[in-house]
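Encoded as structure tokens, the structure appears first; notes follow it.
No lab work stands behind these numbers, since they all come straight from the coordinates. Being a predicted model, the structure only gives us computed values, none of them experimental.
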Amino acid sequence: MPTAAIPFTDLARSRHSVRKFLPDPVPPADIRGVLEDAQTAPSNCNTQPWTVHVVSGAARDARARGRGAARPP
């Protein structure tokens, strides 16, 4: 059964930015779910301008170093 829609004003005012993250890996099923949900997002004139890469472990660390990101402690 569908849930009641949240008014946009409530949604917009309740959001917050996160600038610190836990070191725990995100389960692959969670990542897959977020990407599946994102597939339904509209794009301007259906241009679908995004490209998504999911990396983890050494590949993620190498990409982070290459972009000047801070190294984990």
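Some points to look at:
- Taking the longest Cα principal axis of the chain as reference, the axis of helix 28-38 is set at about 50 degrees.
- Of [x] 42, 30, 24; [y] 66, 25, 14; [z] 40, 26, 22, the label for Cα extents along the principal axes in Å derived from the coordinates: [x]
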